[in-house]
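First the structure, in the form of structure tokens, and then the observations on it.
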Amino acid sequence: MRKKDNAQASAPKSKSGRAASARPAADGRVSQAALLGAMAGDSLRQEVDSLLSALPPLGTGHGYVFKPPPDLSRAEVRERLSGVAAAAFFRLVEIWSVADGEARQLLGGISNGAYYALKANAALERHGGARLELRGKAALEQDKLTRISLLIGIFRSLNLLYSPALADSWVKLENVNPVFNGAAPLDYMRRGGVPAMMRVRQLLQAREEG
């Protein structure tokens, strides 16, 4: 597998099927609204934005405005965010071409049964128009919401930094950066969990800030 650490080399045309509105403008950047719409549908932008606000601030460059994070220790907050988090997660792993086994590991080792039930419900929301609601024990735990929030932040940064094709493939490319030691960022995050996801997000945000 070819190794990459940045956007210097070209990448094949994206096959993710993302809306044209989510492609970078002439300066290589893309609006936050277009990114959120591409991930989970225009009607879910506010909730995905809430998930992004759950991320701890790692910098203040490029005009970022950090909102007070939602309290993920509260059951009602987790219930409110769980449906959109699941929908955004499955859209994200589809765009990145992540296999189900790898996606389960990104969620912290969720069981097969729970994973496929969640995936089926998210698919119904995307294609059937029914809003996915996860209440009570079905709501995602704080750890899973944190993981998904980090992955959404990584997705956002990749699409701000790189072309759609490279942004879609970056996590699966072997990377020469010492952080990854030649591994693909996806493998690094699968093995390292939340701390590794935080490190990837820090790396990408540092690149955003130049």
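Within segment 81-101, count every residue that is surrounded by fewer than 18 Cβ atoms within 10 Å (Cβ to Cβ) and under 20 Å from Asn121 (Cβ atoms). The number of residues fulfilling the criteria is 4. When restricted to residues that are under 25 Å from Leu166 (Cβ atoms), part of a helix (DSSP H, G or I) and either free of Cβ contacts under 8 Å to residues at least 12 places away in the same chain or among the hydrophobic types (A, V, I, L, M, F, W, C) (or both), segment 77-128 contains 10. The single residue among Ser169, Ser149 that is part of a helix (DSSP H, G or I), at pLDDT below 90 and of a type in the set (Ser, Thr, Tyr) turns out to be Ser149.
Taking the conditions (1) modelled with pLDDT under 90; (2) under 27 Å from Glu208 (Cβ atoms); (3) surrounded by fewer than 20 Cβ atoms within 10 Å (Cβ to Cβ) in turn, Gly128 satisfies each one other than (2). When Leu173 is tested against the conditions (1) hydrophobic (A, V, I, L, M, F, W, C); (2) in contact with a Lys or Arg (Cβ under 7 Å, 6 or more places away or on another chain); (3) crowded, with 22+ Cβ neighbours inside 10 Å, the lone failure is (3).
The values are calculated or read from the model by the stated rules, or taken from the named source; none is laboratory data. Everything quoted here is computed from the prediction, not taken from an experiment. So basically every Cβ, Gly included, is an ideal-geometry build from the backbone, and we count neighbours across all protein chains shown.
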